[in-house]
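Notes follow the structure.
The values are calculated or read from the model by the stated rules, or taken from the named source; none is laboratory data. Worth saying up front: this structure is predicted, and the values here are computed from it rather than measured. A quick note on method: Cβ atoms are made from the backbone with ideal geometry, for glycine too, and the neighbour counts reach across all protein chains shown.
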Amino acid sequence: MLRPGMTESEAGSERRRAERVRVSVSVEIRDQHGFSLHSVSDISRGGAFFDRSIPNAVGSKVKVTLHLPGEAPIQCEGEVVNVPDRKNFGMGLKFFNMSEGDQARLAAFTDGLSSAQKR
């Protein structure tokens, strides 16, 4: 996640430090084309992978609203960082400009899932 004062390369090196957890969470994406609703297949503190989404171009910036179960929505911005296969669906999104409170709630959610999935 790109935090204030962090360069893009520092954020990139941090990319896989956050453990991914398998989950289905609904996410709203807003871009220059409008609004779309997606479901993520895995999520971490730093981003998410949308396995059934028609991908935006790598480098595209979007507005993101995460709907975690039992929580108020989390809002941030995102950047498309990975499109594994342009002929199919799917894209990786890196989160940035997320408030500290929302970062803490997302961390608690992913840490809780990670612990449950290891049992």
Exercise for review: Please go through the range 57-83 and pick out each residue that is in a loop (DSSP other than H, G, I, E, B), surrounded by 17 or more Cβ atoms within 10 Å (Cβ to Cβ) and without any contact (Cβ under 8 Å) to a residue 40 or more places away in the chain.
Suggested key: 60, 83
Review point. What pairs come up if the first residue lies in the range 90-109 and is assigned to a loop (DSSP other than H, G, I, E, B), the second is among the hydroxyl-bearing types (Ser, Thr, Tyr), and their beta carbons are under 7 Å apart, counting only those six or more places apart or on different chains?
Key: 90/53
Exercise for review: Give the residue, chosen from 43, 54, that is among the β-branched types (Val, Ile, Thr) and more than 9 Å from the chain's Cα centre (by Cα).
Suggested key: 54
Review point. Looking at residue 9, is it farther than 18 Å from residue 112 by Cα, at pLDDT below 85 and touching a His at 6+ places or on another chain (Cβ under 8 Å)?
Key: no
